[in-house]
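Engineer: Just dropping this structure here.
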Amino acid sequence: MALANMVMSGDSSNVRHIRPPIVLFKPSMWGDIFSSCSFDNQVQEKYSEEMEALKKETRKMLMVVESTKLMILIDKLERLGVAYHFENEIEQKLKQIYDSKADEDSDLFTTALRFRLLRQHQFPVSCDVFNKFVEKDYKWKPEIHGSDIEGILSLYEAAHVRIRNEKILDEAAKFTVDQLNHILPSSESPIVKEKVQQALKHSIHRGLPILNIRFYISIYQREGTTDELLLKLAKLNFNFLQNIYRKELVELTRWWDKFDLKNKLPYARDRVVECYLWGNAFRYEPQYSYLRITVAKNMQLVSIMDDTYDNYATLEEDDLFTEILERWNLDEIDVLPDFMKVVYRFIMSTYEDFVVDAEKQGKSFVVPYYREAVKQLGRAYNQEQKWIMERKMPGFDEYMTNSVITSCMYVMFTALVPGMKSVDEASVQWLLGEPKIVISTAKMGRTLEDLGSHERENRDGKMPTVVDCYMNDKGVSKQEAISEFVELVENGWKDVTAEWAKGGSSVPKEMVEQLLNYGRVAEVTYKSKEDGYTNPEKYLGPLIASLYVDPLPLNV
């Protein structure tokens with residue numbers, strides 16, 4: 001009996017011994033480009049020295065400018081990627097802006113910029129500040145239209161920090177997208193076109209910080225209002241960071257190559273550079289090297305586990321692997337088939353390195369939580385594969401509960417704990433206690449991934465996916481299911497933003513910020529319902545090249 005027929009008929013006893021239809025993934029598009037990047041300390045020192053003088057001048061600017069000019073300067077520093085040099089000064093200035101209350105006569109650009117900056121920095125602000133720009137039913141006044149491009153762009157960005165029940169900003173999101181799409185074909189200015197295109201692809205709040213920095217530097221240097229001092233500081237800072245990232249990629253690539261899994265496990269994805277982008281998404285500042293590399297290693301680890309469970313192993317092998325993983329004992333490895341021995345050793349090696357690092361950073365408390373997160377992920381992958389192979393898809397809510405685990409959030413977030421000074425055991429217990437922001441972020445991330453990977457996982461109609469699960473459970477068409485998923489992601493963003501904007505929590509800001517960044521990197525990786533992780537060549541690859549391959553010319 002053909003596999004498709006067995007799966008269709010739900011003959012679980014026969015299906016248990018048959019491999020799923022195997023997808024052959026493309027090799028890494030990067031070859032050995034990151035195996036031997038050179039790192040010149042003298043160049044880094046030169047960058048540092050030049051930046052110091054520019055930072056002093058910038059700090060002076062921050063102290064003297066006021067009102068709208070101050071907000072514009074703060075926004076530029078953040079978008080150019082240099083705000084981390086002035087963190088305390090910026091917080092003080094934003095506190096002053098918040099305390100001074102909104103100016104009733106502010107134009108659309110200023111009102112929207114103030115609202116976004118304050119909400120992004122966890123100050124409680126109301127969307128009522130936009131009431132003066134709308135008529136009844138939250139329709140935007142006719143005088144607000146595409147001729148005020150900067151105002152429309154500012155409102156568009158502000159609309160992306162909306163939360164639930166902010167009808168005025170829901171309308172603003174639709175209105176500004178329509179306006180910006182109308183501006184695009186008619187604009188004669190290349191720089192305006194680029195700004196609009198970039199905004200529509202990657203909003204400030206939901207885009208990946210390090211990518212948005214790279215894009216904005218390119219736009220900023222061609223704007224009519226460019227401050228040469230800020231531009232030079234931003235370029236030096238970007239190249240300084242890029243050199244650090246290259247050094248980390250060399251270390252990561254050597255770590256990955258020593259396992260030789262691309263040859264030992266030909267059914268699995270070799271995506272270590274794309275995994276590093278996920279680490280980079282969590283923090284881009286120089287001092288977070290450990291965090292970037294650890295997230296990347298664990299992203300590749302969960303990717304290997306995922307491909308083993310659903311792209312090669314039989315259900316019988318999946319059950320066995322899950323059982324052995326549960327015992328967490330390398331001495332029991334001999335009962336596994338050869339390919340699973342390779343996977344198990346890889347997991348154990350990564351774990352042993354993690355134990356050493358956690359002890360070094362005084363964070364040994366996280367080790368049992370991390371170990372349990374890996375076991376839990378194995379159980380969840382196993383459950384998901386049973387549903388798929390046996391054609392016994394559960395109700396959608398049950399599937400989504402399991403997807404909180406298969407989002408891989410718990411593995412990655414326990415892994416990054418040694419890299420964050422302010423995170424203690426109470427923070428980890430909070431994370432694992434299923435607070436709303438964690439569940440919302442996990443479901444949003446997994447839904448974005450499901451939208452991107454649906455076609456691949458569907459195996460030309462042979463395998464059911466979460467889309468089929470939703471269609472069956474709710475009695476809707478495929479298109480309706482996908483539209484509903486898009487809405488789920490939108491509500492996820494609102495919930496995550498609401499929790500972030502609250503501030504004042506007992507949970508370290510560092511931890512909550514990483515949840516936001518998880519959503520951002522998922523949004524970028526699975527943009528436009530495409531799986532950029534599995535197939536990076538078209539979209540994600542060029543973005544990665546702009547970050548790690550091409551330095552910014554300093555003399556332009």
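Engineer: Collect the residues in segment 524-553 that are free of Cβ contacts under 8 Å to residues at least 60 places away in the same chain, assigned to a helix (DSSP H, G or I) and closer than 23 Å to PRO27 by Cβ, keeping them in residue-number order.
Structural biologist: The answer is PRO542, ALA545.
Engineer: Just to check your reading of the model, which residue among THR447, THR401 is open to solvent by 20 Å² or more (accessible area, probe 1.4 Å) and among the hydroxyl-bearing types (Ser, Thr, Tyr)?
Structural biologist: Working: THR447 fails: open to solvent by 20 Å² or more (accessible area, probe 1.4 Å).
One residue alone meets the criteria, THR401.
Engineer: Counting just the residues of segment 274-286 that are in contact with a Gly (Cβ under 9 Å, 6 or more places away or on another chain) and assigned to a helix (DSSP H, G or I), which one comes out nearest to PHE238 (Cα to Cα)?
Structural biologist: PHE282
Engineer: Now for a different question. So which residues in segment 10-52 are open to solvent by 70 Å² or more (accessible area, probe 1.4 Å) and assigned to a loop (DSSP other than H, G, I, E, B), if there are any at all? Break it down into steps so the answer makes sense when it comes.
Structural biologist: So the first thing to find is which residues in segment 10-52 are open to solvent by 70 Å² or more (accessible area, probe 1.4 Å), and the list is 13, 17, 19, 22, 24, 26-27, 29, 32-33, 36, 38, 40-42, 45-46, 49, 52.
Within segment 10-52, HIS17, ARG19, ILE22, LEU24, LYS26, PRO27, MET29, ASP32, ILE33, SER36, SER38, ASP40 meet the criteria.
Listed here are the residues, each with its yes/no results for (1) within 17 Å of LYS527 (Cβ to Cβ); (2) within 23 Å of the chain's Cα centre (by Cα); (3) among the aromatic types (Phe, Trp, Tyr).
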| residue | (1), (2), (3) |
| --- | --- |
| VAL161 | no, yes, no |
| LYS167 | no, no, no |
| PHE175 | no, no, yes |
| PRO190 | no, no, no |
| LYS193 | no, no, no |
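Engineer: If the requirement is being assigned to a helix (DSSP H, G or I) and free of Cβ contacts under 8 Å to residues at least 40 places away in the same chain, which of these qualifies: ILE439, ILE388, ILE347? Spell out how you get there, then give the answer.
Structural biologist: Details: ILE388 fails: free of Cβ contacts under 8 Å to residues at least 40 places away in the same chain; ILE347 fails: free of Cβ contacts under 8 Å to residues at least 40 places away in the same chain.
After ruling out the rest, the residue left standing is ILE439.
Engineer: Quick check, is LEU516 within 21 Å of MET409 (Cα to Cα), open to solvent by 40 Å² or more (accessible area, probe 1.4 Å) and of a type in the set (A, V, I, L, M)? Break it down stepwise before answering.
Structural biologist: Working: within 21 Å of MET409 (Cα to Cα): yes; open to solvent by 40 Å² or more (accessible area, probe 1.4 Å): no; of a type in the set (A, V, I, L, M): yes.
The answer is no for LEU516.
Engineer: Considering only segment 356-397, state which residues are within 25 Å of PHE321 (Cα to Cα), modelled with pLDDT of 95 or more and among the basic types (Lys, Arg).
Structural biologist: If the condition is that a residue be within 25 Å of PHE321 (Cα to Cα), modelled with pLDDT of 95 or more and among the basic types (Lys, Arg), then ARG371, LYS375, ARG379 are the ones that fit.
Engineer: For the condition polar (S, T, N, Q), in contact with a Gly (Cβ under 9 Å, 6 or more places away or on another chain), closer than 28 Å to THR465 by Cα and crowded, with 17+ Cβ neighbours inside 10 Å, what is the one hit in THR294, THR322? First the steps, then the outcome.
Structural biologist: On the way: THR294 fails: closer than 28 Å to THR465 by Cα.
THR322 is the lone residue from the list that is polar (S, T, N, Q), in contact with a Gly (Cβ under 9 Å, 6 or more places away or on another chain), closer than 28 Å to THR465 by Cα and crowded, with 17+ Cβ neighbours inside 10 Å.
Engineer: Then there's this: Restricting segment 126-137 to residues that are open to solvent by 60 Å² or more (accessible area, probe 1.4 Å) and over 32 Å from the mean Cα position of the chain (by Cα), which is nearest to THR497 (Cα to Cα)? Even if it seems obvious, please write down each step before you answer.
Structural biologist: At the first step, the residues of segment 126-137 found to be open to solvent by 60 Å² or more (accessible area, probe 1.4 Å) are 128, 131-132, 135-137.
If we keep only those that are over 32 Å from the mean Cα position of the chain (by Cα) too, we end up with 131-132, 135-137.
On the way: ASN131: 21, LYS132: 24, GLU135: 26, LYS136: 26, ASP137: 24 Å.
Among those residues, the one meeting the criterion is ASN131.
Residue-wise test of (1) touching a strand residue (DSSP E or B) at 6+ places or on another chain (Cβ under 6 Å); (2) outside any helix (DSSP H, G or I); (3) of a type in the set (Asp, Glu).
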{"residue": "LEU451", "(1), (2), (3)": "no, no, no"}
{"residue": "PRO464", "(1), (2), (3)": "no, yes, no"}
{"residue": "ALA481", "(1), (2), (3)": "no, no, no"}
{"residue": "GLU490", "(1), (2), (3)": "no, no, yes"}
{"residue": "ALA522", "(1), (2), (3)": "no, no, no"}
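The values are calculated or read from the model by the stated rules, or taken from the named source; none is laboratory data. On a predicted model such as this, the values are computed, not experimentally measured, just so you know. With ideal geometry, Cβ positions are generated from the backbone for all residues, glycine too; neighbour counts draw on all protein chains shown. Surface accessibility is based on the protein's heavy atoms, side chains included, excluding ligands, DNA and RNA. Shrake-Rupley method; radii C 1.70, N 1.55, O 1.52, S 1.80 Å.
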